[in-house]
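> Input: one structure, supplied below.
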Amino acid sequence: MASEKNTGRLNLPGGEDGAVAAQDASASNKEKDSEGSVEDGSDSLNTKLLTQALLRKLDTRILPIFVLLVLCSFLDRTNVGNAKIYGMDKELGLTPLQYQQGLVVFYPLYIAAEIPSNLVLKKITPRIWIAFMTFLWGLFCLVLGLVRNFDQFISLRALLGLAEGGLFPGMVLYLSTIYTRSELGLRIGVLYTSTSLSSGFGGLLARAMGAIGDRGGLTAWRWIFVIEGLFTILCAVLTYFVLPNSLDTADFLTGEERALAIARQFGVEHGTGNKEGQEKFAWAEVWRAFRYPLTWLTACAYFGLLSAIYSVGIFLPTIIVRLGYTAHEAQLMTVPPYAIAACTTLAVAYGSDRLKVRGIMMLCVMPIAIIGYAVIANLEGDHPKVKYGMTIMMTVGIYSSVPPNLAWLSNNSAGHYKRATAAALQLAIANCGGILAAFLYPDVDGPVFHRGHSIVLGLLVGGWFLILANVLVCHKINKDKAQGKYDKYISCGDDRDPAFKLVL
């Protein structure tokens, strides 16, 4: 009987033994939960600290090299404008038409080189291919300082375009294999900031080289090409010895950092796909990039942006000279618009990464440039001070829009060869804007340039609507994936996978 009572008492939830047992179990569970929570919190903190250390190493090892290469590329591409100020066209006997032809001939081979360059980047390895391209265009730039006639000038400008064509699409593709989707915008922003700074720095450098004057049998404009070409060749050598081919071969990382870096890139949700490391070249992937609507929408919008960027470099010196500055002073006054644009570009790129949006950010900043062009296109009379102010708005709006656009297409493209093709095709289409810009601002239209400003204004307005359309397309694809319309692509390991959500 006692036994029954004891048994019954043990089985009663509200009994004394039950209460003790419940208290013991509760205390044990709380202790386990507490231990698990501490362990999870400790692991999370350790991973966060390790990630921060990893990003610092990647940023300080890779980005400075790429910034140097972008600086060299834009200096070597645009220094012809600075050389003209110091009398290049007069010494070579170039007519206005021949000078324009020299500007335009750079782009056909530049554009033609972009897709093939990206497709061979993985096979030849980034360290060798990027260093080789840099060495070639540095050499061509140096020799430009030794030309004696129009035929030599135009031939070397074409070769310069061929050598430079693969650089920027190659860098975007390379960075997409190093950083996660939400980190890519700021890194491209850093690179593109260096393009705006190079425009300003080019003016300072040309001013310094102009002070050299006629020495060593070379006139001042020739020294611009020779010195910048030599500097580019040195950067090519540095690239070969410093740039890692991949995260696997990054010897400046510890074993733990390298494992984390690779793990961060694994998985289709990170935007690089599951099978890219073993992916073999297939024409089907190239064709997928050509059929991708996001490629064409972002590329055509970028065409308008690049037309504006190239045009600013053409007409800005004219506006500054109209302010009453000498050629030397005009070079210095080109710096402020680009310096301000560099700061805003970084801020917009950072915000784009933090908010994890691309197109929406562009819809907010492109109107700044649109307003600038609208005012300057319809301004009656000279008004150089107002035009200079509008130029600052233009550079802020157009330069700040580029990093989100480049990161956007890369974020929304996976496997490797599709992304390689899409990134290069986007830039190839956009760089046709350089050809257009060369003819938008003939000297006879100066100093008002109403026709050129109006055309660029129209391109930017059209680009804004293309970006809006791309946001809506991305939203529609994400909605379709959520509704199961892409379920046949589950585990395919590329951007068709339902787990792969497009960035807006």
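> Using R₀ = 56 Å, calculate the FRET efficiency as 1/(1 + (r/R₀)^6) where r is the Cβ-Cβ separation of ASP487 and ARG148; round to 0.05.
Numbers: r = 66 Å, r/R0 = 1.18.
Using R0 = 56 Å, I get an efficiency of 0.25.
> What Kirkwood Rh does region 406-493 have if only Cα atoms enter the pairwise 1/r average? Answer in Å.
16.2 Å
> Also, I was wondering about something else. Accessible area per residue for region 320-470 in Å², computed with a 1.4 Å probe and the full protein assembly in place, what is it?
Ligands and nucleic acids excluded, the figure is 34 Å² per residue.
> To the nearest 0.05, what FRET efficiency results for VAL237 and ALA282 with a Förster distance of 22 Å applied to their C-beta separation? Spell out each step's value before the answer.
Details: r = 35 Å, r/R0 = 1.59.
Calculated value: 0.05.
> Follow-up. Distance check, please: which entries in LYS48/LYS488; LYS356/LYS488; LYS48/LYS479; LYS280/LYS479 exceed 29 angstrom between their Cα atoms?
From LYS48/LYS488; LYS356/LYS488; LYS48/LYS479; LYS280/LYS479, over 29 Å: LYS48/LYS488; LYS48/LYS479; LYS280/LYS479.
> What accessible area per residue comes out for region 55-188, rounded to a whole number of Å², with a 1.4 Å probe?
Per-residue value: 34 Å².
The values are calculated or read from the model by the stated rules, or taken from the named source; none is laboratory data. Bear in mind the structure is a predicted one, so any value in this text is a computation, not a measurement. Every residue, glycine among them, receives a Cβ derived from its backbone with ideal geometry; neighbour counts consider all protein chains shown. Calculation scope for accessible area: heavy atoms of the full protein, side chains included, ligands and nucleic acids excluded. Shrake-Rupley method; radii C 1.70, N 1.55, O 1.52, S 1.80 Å.
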